[in-house]
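The values are calculated or read from the model by the stated rules, or taken from the named source; none is laboratory data. Keep in mind that what you see is a predicted model, and the values were worked out from it rather than measured. Cβ placement follows ideal geometry from the backbone for every residue including glycine, while neighbour counts extend to all protein chains displayed. All accessible areas refer to the heavy atoms of the entire protein, side chains included, with ligands and DNA or RNA removed. Shrake-Rupley method; radii C 1.70, N 1.55, O 1.52, S 1.80 Å.
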Amino acid sequence: MSNRRPIVAGNWKMNKTVDESESLAREVAGVVSGVDDVDVVVCPTFTGLDRVSAAVAGTNIEVGGQNVHWESEGAYTGEISTAMLLTAGCSHVILGHSERRQFFGETDETVNRRLRAAIEAGLTPIVCVGESQSERESGTTARVISAQVNGALEGIGSDDVARIVMAYEPVWAIGTGLTATPEQAEEVHAQIRGELAGLAGQSTADGVRIQYGGSVKPDNAVELFSKPDIDGGLIGGASLEADSFAAIVKAAES
Ligand code: 13P
């Protein structure tokens with residue numbers, strides 16, 4: 001890891017009721033309270049945001065949404081606005097997760113629209129990219145990543161690129177127990193940084209945090225986070241239990 005401040009985020013996906021979310025947030029706050037050199041974020045479901053934000057107020061934990069719409073309000077059933085996230089206590093928002101791309105028709109263009117709205121609202125976006133198993137097997141990973149990064153960030157100025165967190169999540173590694181090797185992950189992280197340099201200049205790219213996501217567990221986190229371009233993780237399954245999430249957070253400490 002470099003001098004970039006690591007960021008570890010728990011993506012709770014569609015798990016936990018409101019009460020369960022609040023309990024988990026309190027537990028996480030208890031076990032990571034001594035960590036002061038890693039940004040720690042939890043991303044509950046929309047219904048859990050308000051109570052989780054209240055539960056972690058005054059701690060070192062920040063809260064993120066799992067998506068946001070580009071319009072500020074209106075007839076968009078099932079969507080959520082930046083103001084709704086902000087007033088529910090969010091500082092972060094996950095965008096372009098592969099599950100949104102795979103199951104809900106998210107595209108680079110819609111990710112770009114959501115990203116512009118998030119930046120405009122002052123939310124810190126966590127922009128996810130990643131190739132599928134068949135794309136990796138057919139040797140098109142670099143092309144897919146390039147298209148996703150450049151598509152999602154199209155037209156975003158370098159000052160705003162500097163505020164983005166990227167997440168590399170190979171689809172074949174999500175929830176499968178298959179983790180990219182640290183070398184496989186580093187290769188793509190370095191490529192993403194190169195794409196960012198092309199968009200916003202090398203010095204901006206050097207400051208952007210790039211998380212790895214995909215079956216990160218306490219026993220593989222240290223090795224992954226030791227790679228030069230891996231600046232923390234976006235954690236699914238292992239973030240649903242406070243002790244395993246805390247162990248991963250601690251693996252990112254310098
Ligand atoms: P898992 O850690 O469960 O593989 O999920 C990763 C992920 O998709 C985080 O956004």
Kirkwood Rh in Å, taken over all unlike Cα pairs in the stretch 137-206: 13.0
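Determine the equivalent ellipsoid of the stretch 26-98 by diagonalising the alpha-carbon gyration tensor, then write out the semi-axes as square roots of 5 times the eigenvalues, largest first, rounded to whole Å. All intermediate terms of the calculation are to be shown ahead of the outcome.
Numbers: eigenvalues 127, 30, 18 Å².
With the √(5λ) rule applied to the stretch 26-98, the semi-axes are 25, 12, 10 Å.
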Euclidean distance between Cα centres, the stretch 21-83 to the stretch 178-250, Å: 20
Relative intensity, log₁₀ I(q)/I(0), of the chain from a Debye sum that treats every alpha carbon as a point, q = 0.15 Å⁻¹: -1.02
Kyte-Doolittle mean at least -1.0 and Cα axial length at least 18 Å: DSSP H helices in the chain: 18-31, 108-121, 182-200
Base-10 log of normalised Debye intensity for the stretch 117-172 (one unit scatterer per alpha-carbon) at q = 0.13, 0.15, 0.24, 0.30 Å⁻¹: -0.37, -0.48, -0.92, -1.20
Protection proxy ranking, peptides 69-78, 238-247, 165-174, 134-143, average beta carbon neighbours within 10 Å, highest first: 165-174, 238-247, 134-143, 69-78
Calculated [θ] (222 nm, deg cm²/dmol) that DSSP helices of n ≥ 4 give over the chain, each run adding -39,500 (n - 2.57): -13000 deg cm²/dmol
³J(HN,Hα) computed for each position of the stretch 94-105 - Karplus, 6.51 cos²θ - 1.76 cosθ + 1.60, integer Hz, glycine/proline x: 7, 10, x, 4, 4, 5, 5, 5, 6, 9, 10, x
Stokes-Einstein D for the stretch 107-254, Kirkwood Rh over Cα pairs, 37 °C, 0.692 mPa s (µm²/s): 212
Residue-normalised accessible area of the stretch 55-197, given per residue in Å² at a 1.4 Å probe: 43
Per residue accessible area in Å² of the stretch 200-254, where ligands, DNA and RNA are left out and the probe is 1.4 Å: 35
Accessible surface of the stretch 55-135 [probe 1.4 Å, protein heavy atoms]: carbon and sulfur percent: 48
